[in-house]
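Q: I have a structure I would like to understand better, so I am pasting it below and will then ask my questions one at a time.
The values are calculated or read from the model by the stated rules, or taken from the named source; none is laboratory data. Not measured: the values here are computed from a predicted model. Note: ideal-geometry Cβ built from the backbone for every residue, glycine included; neighbour counts use all protein chains shown. For accessibility, only protein heavy atoms count, side chains too; no ligands or nucleic acids. Shrake-Rupley method; radii C 1.70, N 1.55, O 1.52, S 1.80 Å.
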Amino acid sequence: MSAAGNLGIDAERLWDSIMETAQIGATAKGGICRLTLTDLDRAVRQWFVAACEALGCRVVVDDLGNIFARRPGRDESLPPIAIGSHLDTQPTGGKFDGVIGVLAGLEVLRSLHDAGYETQAPIEVINWSNEEGSRFAPAMLASGVFAGAFTRDYAYGRADREGKTFGEELQRIGFRGAEPCGAHPLSAFIELHIEQGPILEAEGKTIGIVTGVQGMRWYEATVTGAESHAGSTPMKLRRDALLGAARMVAAVQAVALAHAPDAVATVGLIESRPNSRNVIPGSVFFTIDLRHPDDAVVASMEAAMETALHGIADADGLDLALSRIWDSPAVHFDANCIAAVREAATALGCASGDIVSGAGHDAAYVSRVAPTAMVFVPCEKGLSHNELERAEKADVAAGANVVLRAVLALDQQLAERAARGA
Ligand code: HGY
Ligand code: MN
Ligand code: MN
């Protein structure tokens, strides 16, 4: 049996798995469109389950569709050490966002299997449902239920823009499992992810030692004016909802600039009704995403945004319904897990540095119920949520090797605790 120190993952096999699953929902521009709980999501889930079962893993699906693939350890009474992320993508997603975290976990299991290495604790790989929150808001919905941030029924009731609900779609694709979501203790959780930003690449670093995740809040706004004829309605008599919404979009950007340099604000989804070229828009729906590493600043951004948007509605004679639908406070990961990642990166000779995640991740919620940390690798120009998203094979392999070593170090701690009879 190999010693932990000289275990390594198979970089080619990992890359082949990434490229193979990228075919499920592949877009012409080289990205992936694989929205959560669609037939394509079902297909990639089935691929993942089959790959894990081929290794002899026991696969459990909970009632939020989270998939847990388990490789047994010496002591089956111990909660597993888990590795995971998400296989759902944005509509114009890339090949790597989420995917490398799940497939690196599969590659770790494959490598342990090849080496005949027996761990103290079981090792699990997890695919979390609906991390992206693109089809069903908010993001990280299923890991949020797992951590107790949302109820199962709240999640089931979340509807997409066509009115289909999470619960119905989960049932439809056949991934509503029996295990109650959350009834699944973990000894630790490590997530590998691309940075989705420009810092590691700019600093020439291969590994990001992720110490936490910034705070983020999502809102929904509906601006109501009056539909009327584009040709016969004088400008001064109009209640143009789209013009008001346009001013509000600019005001959202101004809020981020006023809280520079670390604040970000985005209006990503907008729907104008009736969306007819010769009708003055009567109603506009749009979403708002505010983020900052400091929760107090997020709160200040929210207050400024609310004042600005209601001020525009009043000035333009429009009605505004504005509601917060999600609040994910800033997260600080577990010091012991961070140390395991840092020591693994150092032992592997990887250029690395600490970083706070700008993007949300399932690890943010899992950290509420288990010791958690993340490993970042760079992506080209920091581009993500874009079909041109790219990562280097060597960097992805380095990230997976850091995950392997960190997991084995955490497992060794459990073995030593058992040996002490602790
Ligand atoms: O929104 C996020 O940061 C993540 O990609 N779901
Ligand atoms: Mn992601
Ligand atoms: Mn994403």
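Q: With charges only on Cβ, +1 for K and R and -1 for D and E, what is the dipole size of the chain about its Cα centre, in debye, rounded to 20?
A: 480 debye
Q: Same structure, new question: How much net charge surrounds PHE285 when only the other residues with a Cβ under 10 Å from the Cβ of PHE285 are counted, with Lys and Arg +1 and Asp and Glu -1?
A: Around PHE285, the surrounding residues sum to 0.
Q: Would you check the accessible area of ARG74, probe 1.4 Å, heavy atoms only, in square angstrom rounded to 10?
A: 120 Å²
Q: Still on this model: Please get the size of the charge dipole for segment 160-239, origin at its Cα centre, with Cβ charges of +1 on Lys and Arg and -1 on Asp and Glu, quoted in debye to the nearest 20.
A: Around 520 debye, computed over segment 160-239.
Q: Let me ask you something else. For the chain, what does the accessible surface come to per residue with a 1.4 Å probe? Please give it in Å².
A: Averaged over the residues of the chain, the accessible area is 39 Å².
Q: I've got another one for you. Shape verdict for segment 87-139, please, from the Cα gyration tensor: rounded (a/c under 1.5), prolate (a/b greater than b/c) or oblate.
A: Oblate, since a/c reaches 1.5 and b/c is not below a/b.
Q: Which of LEU237, ALA50, PHE285 sits farthest toward the positive end of the charge dipole of the chain, with +1 on the Cβ of Lys and Arg and -1 on the Cβ of Asp and Glu?
A: LEU237
Q: Could you work out what % of the accessible surface of segment 267-306 is carbon and sulfur, using a 1.4 angstrom probe and leaving DNA, RNA and ligands out of the count? Mind dumping the intermediate values first?
A: On the way: 890 of 1810 Å².
Looking at segment 267-306 in its full context, I get 49 percent from C and S.
Q: With charges set only on the Cβ (+1 for Lys and Arg, -1 for Asp and Glu), what does the dipole of segment 98-231 come to about its Cα centre, in debye to the nearest 20?
A: Using Cβ point charges on Lys, Arg, Asp and Glu, segment 98-231 gives about 300 debye.
Q: Helix-derived [θ] at 222 nm for the chain: sum -39500 (n - 2.57) over DSSP H runs of at least 4, divide by residue count, nearest 500? Could you put the intermediate results ahead of the total?
A: On the way: 12 runs with 151 residues, N = 422.
After summing the helix terms and dividing by residue count, I get -11000 deg cm²/dmol.
Q: While we're here: Suppose a student asked you for the relative contact order of the chain, using Cα pairs under 8 Å spaced at least 6 residues apart; what percent would you report? List each step's numbers first, then the result.
A: On the way: 978 pairs, mean separation 96.3, N = 422.
It comes to 23 percent, rounded to a whole number.
Q: What residue among ALA394, ALA406, CYS379 has its Cα farthest toward the positive end of the dipole of segment 367-419, where the charges are +1 on Lys, Arg and -1 on Asp, Glu, each on the Cβ?
A: Farthest along the dipole direction, towards plus: ALA406.
Q: List the extent of the Cα atoms of segment 17-81 along each of their three principal axes, largest first, rounded to whole Å.
A: Projected onto its principal axes, the Cα set of segment 17-81 covers 47, 25, 17 Å.
Q: Additional query: For segment 197-239 and segment 266-282, write down the distance between their C-alpha centroids in whole Å.
A: About 15 Å separates the Cα centre of segment 197-239 from the one of segment 266-282.
Q: Continuing with the same structure: With a cut-off of 8 Å between alpha carbons and a minimum separation of six or more residues, what is the relative contact order of segment 258-321 in percent? Working shown, then result.
A: Working: 58 pairs, mean separation 17.9, N = 64.
That works out to 28 percent.
Q: So for segment 1-113, considering every pair of alpha-carbon atoms, how many percent are separated by more than 23 Å?
A: The proportion of pairs with Cα distances above 23 Å equals 30 percent.
Q: Oh, and also: Average the reciprocal distances over every distinct pair of alpha-carbons in the chain, invert the result, and give the Kirkwood radius in Å.
A: Mean inverse Cα-Cα distance, inverted, gives 22.4 Å.
Q: Taking the chain as a Gaussian network, where each spring joins two C-alpha atoms under 10 Å apart, which residue of VAL331, VAL255, VAL210 fluctuates the most?
A: In the Gaussian network model the winner is VAL255.
Q: Is the C-alpha gyration tensor of segment 240-332 telling us rounded, prolate or oblate? Criteria: a/c under 1.5 is rounded; beyond that, a/b larger than b/c is prolate, otherwise oblate.
A: Details: a/c = 2.45, a/b = 2.04, b/c = 1.20.
Prolate, because a/c is 1.5 or more and a/b exceeds b/c.
Q: Report the antiparallel proportion of the DSSP beta bridges in the chain as a percent, rounded to a multiple of 5.
A: On the way: 46 of 67 bridges.
If I count the DSSP bridges inside the chain, around 70 percent turn out antiparallel.
Q: Build a GNM of the chain with springs between Cα atoms under 10 Å: which of ALA159, ALA308, ALA246 gets the top mean-square fluctuation?
A: ALA246
Q: In addition: Which residue fluctuates most in the GNM of the chain (Cα springs below 10 Å): VAL279, VAL407, VAL297?
A: For the chain, modelled as a Gaussian network with Cα springs under 10 Å, the answer is VAL279.
Q: Oh, and also: Quick test of your reading: applying the under-4.7 Å Cβ rule, which cysteines of the chain are isolated?
A: If one checks each Cβ against the other cysteines of the chain, CYS33, CYS181, CYS337, CYS350, CYS379 turn up with nothing under 4.7 Å.
Q: With a cut-off of 8 Å between alpha carbons and a minimum separation of six or more residues, what is the relative contact order of segment 3-78 in percent?
A: Values: 44 pairs, mean separation 11.1, N = 76.
Answer for segment 3-78 is 15 percent.
Q: Any idea which of GLY208, LEU322, ALA256 is furthest toward the positive side of the dipole for segment 182-326, if Lys and Arg beta-carbons carry +1 and Asp and Glu beta-carbons -1?
A: Of GLY208, LEU322, ALA256, it is LEU322.
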